[in-house]
Amino acid sequence: MRLGADRARVRVPATSANLGPGFDALGLALALHDQVEVRALGSADVVVDVVGEGAEEVPSGDDHLVVRALRHALDHVGAPQTGLHLTCRNRIPHGRGLGSSAGAVVAGLLAARSLVAEPESLDDAVVLRLATELEGHPDNAAPALLGGATVAWSEGDAVRAARLPVHADVAPVAVVPASRLSTSHARGVLPERVPHGDAAFQAGRAALLVEALGRRPDLLLPATEDRLHQGYRRPVMSESLALVDALRARGVAAVVSGAGPTVLVLARAVGAAASDGSRPTDADEALRQVFGGVMGGWRIVPLAIDAAGATAQILP
């Protein structure tokens, strides 16, 4: 297959996975975006310019995750490799459980889709499978690609995802710490086996969460209870889980976002939007009580749900 274009722009949202009980399956796209512009070069050079999150830390050549994903997709469809110039404008925090790596992977795959002469060879089903090969699991890649809330699962070698309805009153709030935590470290503390009773509890809460997200946001507090992963991770993110505990004790549906250490609040809007588009929520007072005006490095970031998912366009 040949290349059909030499420039493209991709925008990809932040994501939060698990949402409490939906471990490695449920995810939510959030309106905080990275943007990547890709230009194919006539030489073999690879240049990566990064502005924003990770600017001084991420690789600037072939090891950059967007480049790796793009090349993975080109190899998959038999397209020729090319030199690349990437300009990345990053807003998704790195190492905070907001899907920065899945965003980079999806951005690279959609950039490849834009560059090849037969973009249908990299349809959403293929992109999700390739993203899972690179990420290891699809819980962040699915909402990054499709937008909204998603459930993802495997069927043999295939990876599938479906969008879930989200009630208009669900108002996510990310509480982002200054500290970071690698996904591998967070996963490394999980046990290989869990008690049968905890597994049964988890299945019920995951099913309830689908109902709470779509039709009954008043059920979000019980629907976000978890016994499968958050408690086991307390030794590596004690401050995050202390915040989760404090918010839940005040009736707020708070969970660890992905592998943490960001805390995601699935709040409910309780009033009309202000002139800046923000909406008061049932979590506002609890957050004020918990922090008492002393943030200690935490940032409270209200975020809309991104319903569109990743978008790409060919540039002239």
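The values are calculated or read from the model by the stated rules, or taken from the named source; none is laboratory data. Since this is a predicted model, take the numbers as computed values, not measurements. Using ideal geometry, Cβ is built from the backbone for each residue, glycine included, and neighbour counts are taken over all protein chains shown. Please note that ligands, DNA and RNA were not included when accessible areas were found on the heavy atoms of the full protein model with its side chains. Shrake-Rupley method; radii C 1.70, N 1.55, O 1.52, S 1.80 Å.
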- Query: Can you tell me which of GLU155, GLU133, GLU120 is more than 18 Å from the chain's Cα centre (by Cα), open to solvent by 30 Å² or more (accessible area, probe 1.4 Å) and more than 19 Å from ALA5 (Cβ to Cβ)?
  - Reply: GLU155
- Taking the options ARG113, ARG71, ARG96, name whichever one is of a type in the set (Lys, Arg) and either within 15 Å of SER257 (Cβ to Cβ) or assigned to a loop (DSSP other than H, G, I, E, B) (or both). ARG96
- Only one of these is open to solvent by 30 Å² or more (accessible area, probe 1.4 Å) and within 18 Å of the chain's Cα centre (by Cα): ILE300, ILE314. Name it. ILE300
- Determine whether ALA161 is assigned to a strand (DSSP E or B), at pLDDT 95 or above and touching a helix residue (DSSP H, G or I) at 6+ places or on another chain (Cβ under 7 Å). yes
- What pairs come up if the first residue lies in the stretch 29-50 and is free of Cβ contacts under 8 Å to residues at least 60 places away in the same chain, the second is open to solvent by 40 Å² or more (accessible area, probe 1.4 Å) and of a type in the set (Asp, Glu), and their beta carbons are under 6 Å apart, counting only those six or more places apart or on different chains? VAL46/ASP62
- What are the pairs, 6+ residues apart or on separate chains, where a residue within the stretch 214-237 that is within 20 Å of PRO172 (Cβ to Cβ) and assigned to a helix (DSSP H, G or I) has its Cβ under 8 Å from a residue that is acidic (Asp, Glu) and open to solvent by 20 Å² or more (accessible area, probe 1.4 Å)? PRO217/ASP169; LEU219/GLU211; ALA223/GLU211
- Item | Identity of the residue in the stretch 26-49, within 18 Å of SER100 (Cβ to Cβ) and within 13 Å of the chain's Cα centre (by Cα), that ends up surrounded by the most Cβ atoms within 10 Å (Cβ to Cβ) | ALA29
- Message: Checking the structure you have, find out if any residue of the stretch 249-259 is open to solvent by less than 40 Å² (accessible area, probe 1.4 Å), touching a residue at least 60 places away in the same chain (Cβ under 8 Å) and part of a helix (DSSP H, G or I).
- Response: no
- Among the numbered conditions (1) surrounded by 13 or more Cβ atoms within 10 Å (Cβ to Cβ); (2) in contact with a strand residue (DSSP E or B) (Cβ under 9 Å, 6 or more places away or on another chain), tell me where GLU239 comes up short. (2)
- Item | Selection from the stretch 167-208 of residues that are β-branched (Val, Ile, Thr) and either surrounded by fewer than 18 Cβ atoms within 10 Å (Cβ to Cβ) or without any contact (Cβ under 8 Å) to a residue 40 or more places away in the chain (or both) | VAL189, VAL194
- Note on the structure: Within the stretch 116-125, residues over 11 Å from LEU145 (Cα atoms), out of contact with any strand residue (DSSP E or B) (no Cβ under 8 Å at 6 or more places or on another chain) and part of a helix (DSSP H, G or I) come out as PRO119, GLU120, SER121
- Message: Please go through the stretch 23-48 and give me each residue that is in contact with a Cys (Cβ under 7 Å, 6 or more places away or on another chain) and among the charged types (D, E, K, R), ordered by number.
- Response: ASP34
- Message: Name the single residue that is nearest to ALA141 (Cα to Cα) among those in the stretch 1-12 being in a strand (DSSP E or B) and open to solvent by 40 Å² or more (accessible area, probe 1.4 Å).
- Response: ARG11
- Considering the stretch 13-25 alone, what residues qualify as being open to solvent by less than 10 Å² (accessible area, probe 1.4 Å) and assigned to a strand (DSSP E or B)? PRO13, ALA14, THR15, SER16, ALA17, ASN18, GLY22
